[in-house]
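*Asks:* Provided herewith is a single structure, encoded as structure tokens, for subsequent inquiry.
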Amino acid sequence: MTVLTRRMSYWLVAVVIATGLASSVADAQPTRPPPKIGVVDLDRLVRESPQAQNAKKNMAERFAKRKHALEAASAELQSEMDRLKNNADSMSDDERDQLSSKIRDDKHQLQLKQSQYNDDVSDAEQKELDHMRSDLRQVIDDYAKNNGYDLIMGDSVLYASDSVDITDAILQRLKTQADQDAKQAKDSQKAKNAAEGGDPAD
């Protein structure tokens, strides 16, 4: 047997031994289960959750007075513009100039108020959305921990099969939480009324 042949034989034996050892180590280690992954449609949660509906209702009530005032001012401005258009020929120069000047001023003021209103509504909506997302995150975290999930994905998911979509389950959790919050608020109001000597709310 040549030196080269002996070296090749030793090398093959070493490879066989190393392979056997690696296989034995792998067999001795427990098999790790695949990670449990879930996907949540956050846009749907924001649209359909009771918390989102309550936020929209609160926003509408909060800005209702200003909205109605803007609508009334807009209707008044339109009435002035119609009056100028229809009666310009029968007006004196002073009357026409005064009305035209008033229309310009009213239009400018309305635009300013409308712009401020839009900014205030946008800021309030963003705050509501941030608060809602924080609540959603807490519900999702609790659900994941209680159900053994290793990873929950939300935004920027291009595709997810129904088997990993847990949006319905999260929505149900949110509805349950909303019911509990409503009951707690009702009980608190009853207790407050009783303490003040009034009739408990039905």
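*Asks:* Search the stretch 29-56 for residues that are under 22 Å from Ser161 (Cα atoms) and pair each with any residue that is open to solvent by 90 Å² or more (accessible area, probe 1.4 Å) and not hydroxyl-bearing (Ser, Thr, Tyr) when their beta-carbon atoms are under 7 Å apart and the residues are at least 6 apart or on different chains.
*Replies:* Pro35/Asp150; Lys36/Asp150; Ile37/Asp150; Leu42/Asp155
*Asks:* Considering only residues that are of a type in the set (Ser, Thr, Tyr) and modelled with pLDDT under 90, look in the stretch 152-175 and name the one that is least open to solvent (accessible area, probe 1.4 Å).
*Replies:* Filtering first and then ranking leaves Ser161.
*Asks:* Could you figure out which of (1) open to solvent by 90 Å² or more (accessible area, probe 1.4 Å); (2) in a helix (DSSP H, G or I); (3) not β-branched (Val, Ile, Thr) isn't true of Glu128?
*Replies:* Condition not satisfied by Glu128: (1).
*Asks:* Quick one: is Ala178 at pLDDT below 90 and in a loop (DSSP other than H, G, I, E, B)?
*Replies:* The answer is no for Ala178.
*Asks:* Quickly run through the stretch 142-174 and pick out the residues that are in contact with a Pro (Cβ under 7 Å, 6 or more places away or on another chain) and under 16 Å from Ser49 (Cβ atoms).
*Replies:* Leu174
*Asks:* Would you check if there is a residue in the stretch 82-94 being among the aliphatic types (A, V, I, L, M) and either open to solvent by 100 Å² or more (accessible area, probe 1.4 Å) or under 18 Å from the mean Cα position of the chain (by Cα) (or both)?
*Replies:* Taking the stretch 82-94 and keeping what is among the aliphatic types (A, V, I, L, M), we get 84, 88, 91.
Still in the running and either open to solvent by 100 Å² or more (accessible area, probe 1.4 Å) or under 18 Å from the mean Cα position of the chain (by Cα) (or both): none.
For the stretch 82-94, residues among the aliphatic types (A, V, I, L, M) and either open to solvent by 100 Å² or more (accessible area, probe 1.4 Å) or under 18 Å from the mean Cα position of the chain (by Cα) (or both): absent.
*Asks:* Can you pull out every residue in the stretch 150-175 that is part of a loop (DSSP other than H, G, I, E, B), more than 16 Å from Leu42 (Cβ to Cβ) and either of a type in the set (Phe, Trp, Tyr) or in contact (Cβ under 8 Å) with a residue 12 or more places away in the chain (or both)?
*Replies:* If the condition is that a residue be part of a loop (DSSP other than H, G, I, E, B), more than 16 Å from Leu42 (Cβ to Cβ) and either of a type in the set (Phe, Trp, Tyr) or in contact (Cβ under 8 Å) with a residue 12 or more places away in the chain (or both), then Asp150 is the only one that fits.
*Asks:* Something else: Please verify whether the stretch 110-122 includes one or more residues that are closer than 30 Å to Lys36 by Cα, at pLDDT 90 or above, open to solvent by less than 90 Å² (accessible area, probe 1.4 Å) and aromatic (Phe, Trp, Tyr).
*Replies:* No - not one qualifying residue is present in the stretch 110-122.
*Asks:* Does the stretch 137-147 include one or more residues that are touching a residue at least 40 places away in the same chain (Cβ under 8 Å), in a helix (DSSP H, G or I) and among the polar types (S, T, N, Q)?
*Replies:* no
*Asks:* Now for a separate question. Restricting attention to the stretch 29-61, and to residues there that are loosely packed, with under 14 Cβ neighbours inside 10 Å and assigned to a helix (DSSP H, G or I), which single residue is farthest from the chain's Cα centre (by Cα)?
*Replies:* Glu61
*Asks:* Follow-up question, since we're still on this one. Looking at Tyr149, is it open to solvent by 70 Å² or more (accessible area, probe 1.4 Å), among the aromatic types (Phe, Trp, Tyr) and more than 18 Å from the chain's Cα centre (by Cα)?
*Replies:* Details: open to solvent by 70 Å² or more (accessible area, probe 1.4 Å): no; among the aromatic types (Phe, Trp, Tyr): yes; more than 18 Å from the chain's Cα centre (by Cα): yes.
Considered against the rule, which asks whether it is open to solvent by 70 Å² or more (accessible area, probe 1.4 Å), among the aromatic types (Phe, Trp, Tyr) and more than 18 Å from the chain's Cα centre (by Cα), Tyr149 comes out as no.
The values are calculated or read from the model by the stated rules, or taken from the named source; none is laboratory data. Computed from a predicted model, the values in this text were never measured in an experiment. Glycine also receives a Cβ, built like all others from the backbone with ideal geometry; neighbour counts cover every protein chain displayed. For the accessible areas, the whole protein counts, side chains as well, though only heavy atoms, and no ligand, DNA or RNA atoms are used. Shrake-Rupley method; radii C 1.70, N 1.55, O 1.52, S 1.80 Å.
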